[in-house]
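A.B. asks: Sharing a structure, written as structure tokens. Questions coming.
The values are calculated or read from the model by the stated rules, or taken from the named source; none is laboratory data. On a predicted model such as this, the values are computed, not experimentally measured, just so you know. A quick note on method: Cβ atoms are made from the backbone with ideal geometry, for glycine too, and the neighbour counts reach across all protein chains shown. Note: areas computed on protein heavy atoms with side chains; ligands, DNA, RNA excluded. Shrake-Rupley method; radii C 1.70, N 1.55, O 1.52, S 1.80 Å.
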Amino acid sequence: MAMIPINLQTGEVQKQQDNVIVGIDLGTTNSLVAVLTDKGPMVVEGDQKDALVPSMIHFEKEGKIRVGWSAKEKVLTDPTRTIFSVKRLMGKSYKDIAGFKDLYSYKVIEEDTDELVKIQIDDKFYSPTELSSMILKELKKRVERHLGQTISKAVITVPAYFNDNQRQATRDAGKLAGLDVLRIINEPTAASLAYGLNKDTSKAQKIAVFDLGGGTFDISILNIENGIFEVLSTNGDTFLGGDDFDRTIMNYWAEIHKLGETPYFQSDIGKQDLRLAAENAKRALTTNESYSVMLANFKLEINQDSFQRISEALVNRTINACQRAINDAQLNPDQIDHVVLVGGSTRMPIIKTAVSKLFGKPANDMLDPDEVVAIGAAIQASVLAGQNKDLLLLDITPLSLGIETVGGLMDVIIPRNTTIPTKAGRQYTTSIDGQKNLKISVYQGERDLVEDNRKLGEFVLKGIPPMPAGLPKIEIQFLINADGILQVKAKELRSNVETQIQINSQYGISEEEMGKMLIESMKNAEQDMAKRVLLEAVNEAKNVLLSSRKFVKQHAELFSVQEVETMNQLADKLELTITSQDKDLINKEVQELNQYAAPLAHKAMDATIQHALKGKKI
Ligand code: ADP
Ligand code: MG
């Protein structure tokens with residue numbers, strides 16, 4: 001088992017892999033792309049000589065889509081059509097984001113379910129994966145223009161704490177952007193690679209990667225031994241970043257000059273100007289002793305000392321998180337060999353000082369903190385491209401492995417290019433009341449529908465005690481041993497009923513065939529995604545229909561005749577629409593039904609609706 005070099009343009013399996021592989025930092029605030037050049041790994045700049053692409057997307061009414069700086073300009077003037085921070089939504093369900101819905105100025109659909117989050121713009125619905133793919137497409141375009149050739153392979157970075165779903169969503173975004181994602185690597189790992197910290201193989205190294213970006217803070221403690229990275233612990237705050245420092249300065253000025261009493265500062269333009277002035281001040285204070293600016297007849301000033309005083313609480317929050325991460329890794333600060341600074345906000349001297357003090361050693365800050373993650377990804381990419389043969393010798397799964405879920409969708413459990421031996425699992429539930437048996441079909445391949453993939457086998461989990469749909473907790477575990485033998489186990493966790501099969505996943509398939517399967521998956525990525533979102537919308541609509549009809553029947557006496565009638569009308573309408581093949585219309589009507597049902601559900605305290613909507617159905 002090894003990596004299969006294929007040329008996605010010609011569709012040929014290559015003996016010599018000479019295609020460029022790019023490294024991508026897909027950030028919450030900014031994204032970058034880097035490639036290996038004669039002078040080493042370098043980030044690719046755009047026309048404006050800037051390496052950063054703001055991770056923002058603007059949808060014009062007429063349908064034109066802008067990504068990057070031109071989208072960022074619209075965030076205040078056209079907030080409902082400007083997407084930012086989409087990374088926070090990747091692989092998340094509505095329940096996962098219940099705590100921070102208010103953060104968004106655009107419309108994130110509100111539902112209290114385990115369904116994956118969708119974003120609404122006019123009558124269209126987008127998944128975070130689709131939105132992220134637009135940012136990736138922009139980066140792809142940028143490199144292609146720079147290199148004068150098409151590219152199709154990438155390494156993409158994600159935070160160390162990203163779970164399986166979030167990683168898979170990132171892979172899917174890559175595929176949708178026309179990129180074969182050879183590896184997803186952790187951002188702190190990439191930063192350590194950029195600093196070459198993996199090169200000292202004489203002894204194990206403990207590394208702390210301190211990453212303070214625009215809106216998030218991550219601290220990761222890594223162990224590097226013989227070139228292998230292990231995450232010992234992660235900590236941080238998903239709502240702490242450079243933006244909070246900007247806000248502190250805004251509040252400071254607002255208080256001194258009583259800006260709240262000036263109408264200008266209540267307007268969108270005034271607020272925007274104040275925010276920009278605060279960010280400029282913060283940036284200026286990285287090199288200057290003080291900063292001042294005239295704004296609406298106010299002289300706004302700040303110096304190092306005051307900035308340090310007002311931002312002390314924020315700095316302390318980062319330091320406390322570091323301490324927790326060090327404790328979790330069962331280390332003392334002085335056992336950390338290297339500290340690496342990542343993210344634009346680590347340019348602030350107050351951060352550098354606090355971090356160096358905690359660890360008792362100066363932090364690595366030679367590389368541009370905006371660029372280190374992308375640079376590291378490009379280094380990993382160059383390793384995969386064959387500059388360093390060692391890593392290629394590791395055995396990997398050449399194709400993704402997964403199971404069939406409702407509607408014939410492929411749910412990947414072990415993504416391709418995972419090094420083996422490996423183990424992964426996920427929980428599922430039933431879709432029919434009282435379901436006793438559950439068929440588990442195992443597939444190999446990269447397509448969204450199982451019918452386009454290769455079936456490896458199937459088995460039945462028998463004897464599940466009768467329970468309402470959605471209640472059983474069925475854990476599916478995939479284990480691949482060093483010989484590539486796949487063992488699939490299914491266990492119902494409430495009753496402990498279990499069964500398993502063994503499959504030789506490599507048997508009966510040639511490298512050429514695998515190469516063909518990959519090419520097909522890239523060629524069909526857009527159609528596949530369209531089919532997937534339609535199927536997902538239909539599945540969701542069916543669930544909502546089922547539960548809302550049940551709900552009305554059970555609680556009819558609580559509602560007025562009018563309410564029952566409206567519920568039934570909305571349900572009937574949705575039932576018809578399900579067959580329409582129009583996912584946006586289906587989503588819209590699901591939302592209408594949900595919105596109408598929400599206050600009724602509050603009325604009926606023991607809402608059965610909760611019951612019926614748990615987990616993915618097989
Ligand atoms: P992310 O990883 O979330 O995409 P970045 O690493 O690009 O974010 O960091 C963006 C943040 O860095 C912004 O809040 C920006 O204001 C801040 N930043 C950039 N340059 C400086 C500077 N010189 N001084 C202070 N903060 C800076
Ligand atoms: Mg970042």
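A.B. asks: Nothing charged except the Cβ atoms of Lys and Arg (+1) and of Asp and Glu (-1): what's the magnitude of the dipole of region 527-613 about its Cα centre? Round to the nearest 20 debye.
C.D. replies: On the way: 10 positive and 13 negative charges, 37 e Å.
For this selection, approximately 180 debye.
A.B. asks: Using R₀ = 30 Å, calculate the FRET efficiency as 1/(1 + (r/R₀)^6) where r is the Cβ-Cβ separation of Gln266 and Thr238; round to 0.05.
C.D. replies: Details: r = 30 Å, r/R0 = 0.98.
So, using R0 = 30 Å, E works out to roughly 0.50.
A.B. asks: Do you know the relative contact order of the chain, to the nearest whole percent, from alpha carbon pairs under 8 angstrom that are 6+ apart?
C.D. replies: Values: 1167 pairs, mean separation 80.6, N = 618.
Rounded, it is 13 percent for the chain.
A.B. asks: Normalising by the residue count of region 200-366, find the relative contact order in percent from Cα pairs under 8 Å and 6+ residues apart.
C.D. replies: Values: 259 pairs, mean separation 46.9, N = 167.
Contact order relative to length: 28 percent.
A.B. asks: Right, something else. Could you give me the ³J(HN,Hα) list for region 413-423, computed from phi with Karplus coefficients 6.51, -1.76, 1.60 and θ = phi - 60°, whole Hz, x at Gly and Pro?
C.D. replies: Whole-Hz 3J(HN,Hα) from phi for region 413-423: 9, 10, x, 5, 6, 7, 6, 10, x, 8, 8.
A.B. asks: Tell me the relative contact order for region 527-613 as a rounded percent, counting alpha carbon contacts under 8 Å between residues six or more apart. Walk me through the numbers before you get to the answer.
C.D. replies: Working: 63 pairs, mean separation 37.3, N = 87.
Reported relative contact order: 43 percent.
A.B. asks: Still on this structure, I have one more. Just grab the label-to-label distance for Lys39 and Thr579, each label 7 Å out from Cα along the Cβ direction, in nm (one decimal).
C.D. replies: Each label point is offset 7 Å from its Cα along the Cβ direction, giving 6.4 nm.
A.B. asks: For Lys87, Lys573, give the ranking by accessible area with the largest first, probe 1.4 Å. Write out the running numbers ahead of the final one.
C.D. replies: Working: Lys87 25, Lys573 90 Å².
Listed by decreasing accessible area, they come as Lys573, Lys87.
A.B. asks: By how many nm would the segment from Thr80 to Lys455 lengthen if fully extended, with 0.36 nm per residue of separation less the alpha-carbon distance? Please list the in-between numbers first.
C.D. replies: Working: separation 375, 0.36 × 375 = 135.00 nm, distance 4.36 nm.
Extending this stretch completely gives an extra 130.6 nm.
A.B. asks: Taking the highest mean first, how do the peptides 35-42, 517-524, 323-330 order by number of other beta carbon atoms within 10 angstrom per residue? Provide the component values of the computation, followed by the final result.
C.D. replies: Values: 35-42: 14.1, 517-524: 18.8, 323-330: 16.2.
Top to bottom by mean Cβ count within 10 Å: 517-524, 323-330, 35-42.
A.B. asks: Same structure, new question: In whole Å, what is the distance between the alpha-carbon centres of region 51-125 and region 276-336?
C.D. replies: If you average the Cα positions of each part, the centres end up 28 Å apart.
A.B. asks: Further question on the same structure: Would you rank Lys531, Lys140, Lys64, Lys199 by solvent-accessible area, highest first, keeping every protein chain in place and using a 1.4 Å probe? Could the numbers behind the result be given before it?
C.D. replies: On the way: Lys531 85, Lys140 40, Lys64 110, Lys199 160 Å².
Largest accessible area first, the residues go Lys199, Lys64, Lys531, Lys140.
A.B. asks: Still on this structure: Return the calculated 222 nm mean residue ellipticity for the chain, to the nearest 500 deg cm²/dmol, obtained by summing -39500 (n - 2.57) across DSSP H runs with n ≥ 4 and dividing by the residue count.
C.D. replies: On the way: 16 runs with 214 residues, N = 618.
It lands at -11000 deg cm²/dmol.
A.B. asks: Can you tell me how the chain classifies by the Cα gyration tensor, rounded, prolate or oblate, using a/c under 1.5 as the rounded cut? Don't skip to the answer; put the middle values down first.
C.D. replies: On the way: a/c = 1.70, a/b = 1.17, b/c = 1.46.
It comes out oblate by the Cα gyration axes.
A.B. asks: Still on this structure: What's the local net charge at Lys203, with K and R +1, D and E -1, over the other residues with C-beta under 13 Å away?
C.D. replies: Neighbour charge sum, excluding Lys203 itself: -1.
A.B. asks: If the only charges are +1 at each Lys and Arg Cβ and -1 at each Asp and Glu Cβ, what is the size of the charge dipole of region 144-261 around the Cα centre, to the nearest 20 debye?
C.D. replies: 500 debye
A.B. asks: Same structure again: With +1 assigned to the C-beta of every Lys and Arg and -1 to the C-beta of every Asp and Glu, and no other charges, what is the dipole magnitude of the chain about the Cα centre in debye, to the nearest 20? Walk me through the intermediate numbers first.
C.D. replies: Values: 73 positive and 84 negative charges, 113 e Å.
With only Lys, Arg, Asp and Glu charged at Cβ, the dipole is about 540 debye.
A.B. asks: Can I ask one more? For Glu255 and Asp433, what is the calculated FRET efficiency with R₀ set at 41 Å and r taken between the beta-carbons, to the nearest 0.05? Walk me through the numbers on the way to the answer.
C.D. replies: Numbers: r = 60 Å, r/R0 = 1.45.
Efficiency computed from Cβ-Cβ geometry: 0.10.
A.B. asks: Quick one: order Val561, Val67 from most to least accessible surface, probe 1.4 Å. The partial results should precede the final answer.
C.D. replies: Working: Val561 115, Val67 20 Å².
Listed by decreasing accessible area, they come as Val561, Val67.
A.B. asks: Separate question: Just to verify a number: FRET efficiency for Glu301 and Glu230, C-beta to C-beta distance, R0 = 35 Å, to 0.05? Provide the component values of the computation, followed by the final result.
C.D. replies: Values: r = 48 Å, r/R0 = 1.37.
E between Glu301 and Glu230, to the nearest 0.05, is 0.15.
A.B. asks: Could you tell me what percent of the DSSP beta bridges with both partners in the chain are antiparallel, to the nearest 5? All intermediate terms of the calculation are to be shown ahead of the outcome.
C.D. replies: Numbers: 85 of 103 bridges.
Antiparallel: roughly 85 percent of the beta bridges in the chain.
A.B. asks: Additional query: Given labels modelled 7 Å from the Cα in the Cβ direction, how far is it in nm from Glu565 to Lys124?
C.D. replies: The modelled label-to-label distance comes out at 3.8 nm.
A.B. asks: Now a separate question. How many percent of the accessible area of the chain is carbon or sulfur, using a 1.4 Å probe? Spell out each step's value before the answer.
C.D. replies: Working: 13740 of 27760 Å².
Its accessible area is 49 percent carbon and sulfur atoms.
A.B. asks: Still on this structure, I have one more. In nanometres, what is the gap between the two model label sites at Ile509 and Asn223, each 7 Å from Cα along Cα-to-Cβ?
C.D. replies: Roughly 3.4 nm, to one decimal.
A.B. asks: Under the rule a/c < 1.5 gives rounded, and otherwise a/b versus b/c splits prolate from oblate, where does region 125-193 land using the Cα gyration tensor? Intermediate results must be reported in sequence, preceding the final value.
C.D. replies: Numbers: a/c = 2.22, a/b = 1.21, b/c = 1.83.
Oblate shape, in that a/c is at least 1.5 and b/c is the bigger or equal ratio.
A.B. asks: Now for a different question. Whole number in Å², please: accessible area per residue of the chain, 1.4 Å probe, ligands, DNA and RNA not counted. Intermediate values should be presented prior to the final figure.
C.D. replies: On the way: 27760 Å² over 618 residues.
Per-residue accessible area for the chain comes out at 45 Å².
A.B. asks: Going by the alpha-carbon gyration tensor, a ≥ b ≥ c the square roots of its eigenvalues, is region 527-613 rounded (a/c under 1.5) or, if a/c is not under 1.5, prolate (a/b greater than b/c) versus oblate? Mind showing how you got there, number by number?
C.D. replies: Values: a/c = 2.81, a/b = 1.96, b/c = 1.43.
It is prolate, given that a/c is not under 1.5 and a/b is the larger ratio.
A.B. asks: Right, something else. Of Leu176, Ser132, Ala154, which is farthest towards the positive pole of region 35-179's charge dipole, taken about the Cα centre with +1 and -1 on the beta-carbons of Lys, Arg and Asp, Glu respectively?
C.D. replies: Ala154
A.B. asks: Could you tell me which of Val22, Met294, Gln323 has its Cα farthest along the dipole of the chain towards the positive end, charges placed at Cβ (Lys, Arg +1; Asp, Glu -1), taken about the Cα centre?
C.D. replies: Gln323
A.B. asks: Here is the link list: Lys118/Lys542; Lys64/Lys137; Lys64/Lys124; Lys531/Lys583; Lys49/Lys352; Lys423/Lys491. Which ones come out longer than 19 Å on Cα distance? Walk me through the numbers before you get to the answer.
C.D. replies: Working: Lys118/Lys542 17 Å; Lys64/Lys137 15 Å; Lys64/Lys124 14 Å; Lys531/Lys583 9 Å; Lys49/Lys352 27 Å; Lys423/Lys491 15 Å.
The pairs that break the limit, which is 19 Å between Cα atoms, are Lys49/Lys352.
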